[in-house]
1. Looking at (1) hydrophobic (A, V, I, L, M, F, W, C); (2) surrounded by fewer than 17 Cβ atoms within 10 Å (Cβ to Cβ); (3) in contact with a Phe, Trp or Tyr (Cβ under 6 Å, 6 or more places away or on another chain), which is the one condition that is false for TRP104?
2. For the range 127-135, state whether one or more residues are surrounded by 18 or more Cβ atoms within 10 Å (Cβ to Cβ), part of a helix (DSSP H, G or I) and in contact with a Leu (Cβ under 8 Å, 6 or more places away or on another chain).
3. Condition (residue is out of contact with any Ser or Thr (no Cβ under 8 Å at 6 or more places or on another chain) and of a type in the set (Phe, Trp, Tyr)) applied to the range 61-77: is it met by at least one residue?
4. Looking only at the range 25-32, decide whether some residue is touching a Pro at 6+ places or on another chain (Cβ under 8 Å), among the hydrophobic types (A, V, I, L, M, F, W, C), in contact (Cβ under 8 Å) with a residue 60 or more places away in the chain and crowded, with 16+ Cβ neighbours inside 10 Å.
5. Only residues that are in contact with a Lys or Arg (Cβ under 8 Å, 6 or more places away or on another chain) and either on the phi > 0 side of the Ramachandran plot or at pLDDT 95 or above (or both): list them for the range 13-44, please.
6. From the residues in the range 69-114 that are within 15 Å of GLY28 (Cα to Cα) and charged (D, E, K, R), which one is nearest to the chain's Cα centre (by Cα)?
7. Which of (1) assigned to a helix (DSSP H, G or I); (2) among the small types (Gly, Ala, Ser); (3) surrounded by 13 or more Cβ atoms within 10 Å (Cβ to Cβ) is the odd one out, the single condition SER44 does not satisfy?
Amino acid sequence: MSEPPFWKRKTLQELSRDEWESLCDGCGKCCLVKLQDPDTDEISYTDVSCKLLDGATCRCSDYARRKKRVPDCVVLTPAVVADLSWMPATCAYRLVREGRDLAWWHPLVSGDPDTVHEAGISVRGRVISETLVKDAELPDHVVDWSG
């Protein structure tokens with residue numbers, strides 16, 4: 001009998017750096033501009049992406065320097081993930097934190113980094129850079145990409 005995969009036997013805090021990085025499915029949803037209702041605290045996603053998100057690959061175009069170039073970029077850590085209510089329901093960091101398994105389309109399960117896109121989970125081809133949208137226009141870009 002083979003050993004269960006690392007995400008089934010380790011907590012987020014126990015992951016190596018490589019394991020942590022491999023949990024990212026490459027959906028790009030965490031790099032979308034989100035709006036928070038001041039009365040209800042409800043979070044709405046937009047189709048507006050961080051200026052560093054490559055809309056074709058759904059990866060950061062300057063991952064190593066992202067925090068320097070985008071000061072409000074949220075660098076994910078186990079402690080941060082525990083406090084983020086806006087993480088997508090499909091996010092592997094959230095799923096592992098909640099003791100749930102990864103979806104069939106996750107690259108660690110499928111063995112193919114394109115399944116997240118083929119399954120329609122990623123934002124590939126569906127976003128516009130924040131450099132092209134004025135803040136006042138953001139409510140017009142709210143989307144519901146559940147799943």
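1. Result: TRP104 fails condition (3) only.
2. No, the range 127-135 contains no residue that is surrounded by 18 or more Cβ atoms within 10 Å (Cβ to Cβ), part of a helix (DSSP H, G or I) and in contact with a Leu (Cβ under 8 Å, 6 or more places away or on another chain).
3. Yes - at least one qualifying residue is present in the range 61-77.
4. yes
5. Residues satisfying the conditions are GLU19, GLY26, GLY28.
6. Of everything passing the filter in the range 69-114, ARG94 is nearest to the chain's Cα centre (by Cα).
7. (1)
Condition check ((1) of a type in the set (Gly, Ala, Ser); (2) in contact (Cβ under 8 Å) with a residue 60 or more places away in the chain) across all residues:
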site: GLU98; (1), (2): no, no
site: HIS106; (1), (2): no, yes
site: GLY111; (1), (2): yes, no
site: GLU118; (1), (2): no, no
site: ILE121; (1), (2): no, yes
site: ARG126; (1), (2): no, yes
site: ALA136; (1), (2): yes, no
site: TRP145; (1), (2): no, yes
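The values are calculated or read from the model by the stated rules, or taken from the named source; none is laboratory data. Just so it is clear, the model here is predicted, and its values are computed rather than measured. FYI the Cβ positions are ideal-geometry reconstructions off the backbone, even for glycines, and counts take in every protein chain you see.
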